[in-house]
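These notes concern the structure reproduced below.
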Amino acid sequence: MAIRIDQIKNMKSNVTIVMYHYVRDLANSRYPEIKGLDLPCFVNQIEYLNKHYNVITTEELIHSIDTGESLPPKSALLTFDDGYIDHYTNVFPILSNYGIQGSFYIPVKAIKEHVVLDVNKIHFILASTPDKLMIVKDLEHLLEKYRTTYQLYPFDHYYDMLAKASRYDSKEVIFIKRLLQVELIEELRLKIVEELFVKYVGMEEHVFAKELYMTEDQLIHMQNSGMHIGSHGFNHYWWNHLNEKDLASELDLSMSFLHDIGVDMKNWTACYPYGSFDEQAVRMLSSRGCKMAVTTQVDVAEPIEKMRFLLPRLDTNDLPKEKNSTINDWYKKAI
Ligand SMILES: [Zn+2]
């Protein structure tokens, strides 16, 4: 959906919520192919936002939704998903420098148990080789190997159904992601991801997890320095795929973690893993006193009651990263 420039004038009290994942010096990292934001581009975006926007805090957004009070014109809020070490070593010092708050959404299991989320394993499998067809071929063999045990369809059934290129990814990459993130049952997905992780990444999972995610102490440091830390579940499951009991467990475990690291639980917030919200998830967040939740819907957010648990965001990759970009560039690219 394109946002028309003439609509911007009527968006004075709206807030541009920006979503970030990996933020790192890609060229000098071990996985330059990882889909992330290059650190110099992040610095440019922050400089730009600081100059042209009012960067607000999550608490200010909650206050605006609670009271109906207007936000400052051209408000922006910065959110960072998945608890990556990038956020502590790269993002946090820059935000601190500018006196800007970031909101960080943490998948607890990765931090507490030093396991690598399967979604992250898939990212690093993909970043480990330029030859995505080789991974597709491996998947063909693996599906064949498990075909009888898991009563699978022939490989072509999955390939024809899932291999469709997107705005960001080739059809091979989309096939690999969809097959391993959603299509197969969890037990088999985990098995296959594990086999590919060993083959392509080849690092001890514990060691890799410690390199990839923040520690509890680092989170406490950020929390004490005025950053906002919020819930991203425990296992990073799709919340709209869970029954009530399993979602309750996801939320309760992540709330207890937030409590333990000193988060003000009167103002706790959430971010749906994969943007996976549904009516049940909204109801259960609300009944637990959650104050707001962000999605991966692409839009500028209205700080109003009915959007409290459905706040859309713009991905950083949809926004200009060059120096001297104009405000109109931001909205033109936000589709
Ligand atoms: Zn996530």
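The values are calculated or read from the model by the stated rules, or taken from the named source; none is laboratory data. Bear in mind that the values here come from a model prediction, so they are computed numbers and not experimental data. Cβ coordinates were reconstructed from backbone atoms using ideal geometry, including for glycine residues, and neighbour counts include every protein chain displayed. Ligands, DNA and RNA are stripped out before the accessible areas are found, and what is left, the full protein with its side chains, is counted by its heavy atoms. Shrake-Rupley method; radii C 1.70, N 1.55, O 1.52, S 1.80 Å.
Descriptive notes on the structure:
- Leading residue by the ranking (farthest from the ligand (Cβ to nearest atom)) among those in region 222-244 that are part of a helix (DSSP H, G or I) and free of Cβ contacts under 8 Å to residues at least 40 places away in the same chain: N224
- Residues within region 91-111 that are of a type outside the set (F, W, Y) and surrounded by fewer than 16 Cβ atoms within 10 Å (Cβ to Cβ), tallied: 4
- Flag if S249 is open to solvent by less than 40 Å² (accessible area, probe 1.4 Å), in a helix (DSSP H, G or I) and modelled with pLDDT of 95 or more: no
- Candidate set: region 284-304, residues that are open to solvent by 40 Å² or more (accessible area, probe 1.4 Å) and closer than 20 Å to T79 by Cα; chosen: the one farthest from the chain's Cα centre (by Cα): I304
- Q223 vs. criteria surrounded by fewer than 17 Cβ atoms within 10 Å (Cβ to Cβ) and under 21 Å from Y20 (Cα atoms): no
- Failed condition for F309, given (1) assigned to a loop (DSSP other than H, G, I, E, B); (2) surrounded by fewer than 16 Cβ atoms within 10 Å (Cβ to Cβ): (2)
- Every test in (1) closer than 18 Å to L184 by Cβ; (2) in a helix (DSSP H, G or I) is passed by T149 save one, and that test is (2).
- Residue within region 140-158 that is among the aliphatic types (A, V, I, L, M) and surrounded by fewer than 13 Cβ atoms within 10 Å (Cβ to Cβ) present: no
- Candidates in region 159-195 are the residues that are without any contact (Cβ under 8 Å) to a residue 60 or more places away in the chain and aromatic (F, W, Y); of these, the one that is most open to solvent (accessible area, probe 1.4 Å) is Y159.
- Test: residue in region 197-216 that is open to solvent by 50 Å² or more (accessible area, probe 1.4 Å), within 30 Å of L139 (Cα to Cα), assigned to a loop (DSSP other than H, G, I, E, B) and not β-branched (V, I, T): yes
- Filtering region 262-283 to residues that are open to solvent by less than 10 Å² (accessible area, probe 1.4 Å), free of Cβ contacts under 8 Å to residues at least 60 places away in the same chain and either away from the ligand (no atom under 16 Å from the Cβ) or of a type in the set (A, V, I, L, M, F, W, C) (or both) leaves W268, A281.
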